[in-house]
1. Please find, within region 84-101, the residue that is surrounded by the most Cβ atoms within 10 Å (Cβ to Cβ) out of those that are basic (Lys, Arg) and assigned to a helix (DSSP H, G or I).
2. Looking only at region 33-83, which residues are more than 15 Å from residue 94 (Cα to Cα), part of a helix (DSSP H, G or I) and not basic (Lys, Arg)?
3. Can we say residue 63 is closer than 16 Å to residue 101 by Cα and among the polar types (S, T, N, Q)?
4. Pairs, please: C-beta under 6 Å, at least 6 apart or cross-chain, first residue surrounded by 12 or more Cβ atoms within 10 Å (Cβ to Cβ) and in region 48-76, second outside any helix (DSSP H, G or I) and at pLDDT 95 or above?
Amino acid sequence: MRVLILVILSLFATLPAQAQDAPAAAPAAEAGADRAWRDTTGYRFPAIAKTVADMQNLAYAMTLRDYCADARVPDDFVRERLARFSRMTGREESCQTLLDY
């Protein structure tokens, strides 16, 4: 069993050395010149990463709504959490704007 683990670890140790032999990527100027091939205006649904971010924002907004509604939670704590959420979303958040989620 130890020999098998040793063999697997040695194989993974050689992977970065092999990756360095790969050809260099195209310059950024060439890649950004023609972006028409990446047009997604006809897509029915957004990218998975956007959906994941929206769902995470929704979960955080629901937690913040609970903080806003609970009088036992100190106001300073709620304001600090709203400010942090504002930095994450890029818009000014308040207890009222959480209803948008």
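The values are calculated or read from the model by the stated rules, or taken from the named source; none is laboratory data. Values in this document were obtained by computation on a predicted structure and should not be read as measured data. Every residue, glycine among them, receives a Cβ derived from its backbone with ideal geometry; neighbour counts consider all protein chains shown.
1. The initial filter retains those residues of region 84-101 that are basic (Lys, Arg), namely 84, 87, 91.
Among the residues that remain, those that are also assigned to a helix (DSSP H, G or I) are: 84, 87.
Numbers: 84: 13, 87: 9.
The qualifying residue surrounded by the most Cβ atoms within 10 Å (Cβ to Cβ) is 84.
2. 33, 36, 37, 48, 49, 51, 52, 53, 54, 55, 56, 59
3. Numbers: closer than 16 Å to residue 101 by Cα: yes; among the polar types (S, T, N, Q): yes.
Yes, satisfied.
4. Short answer, once both residue conditions are applied: 67/73; 68/95.
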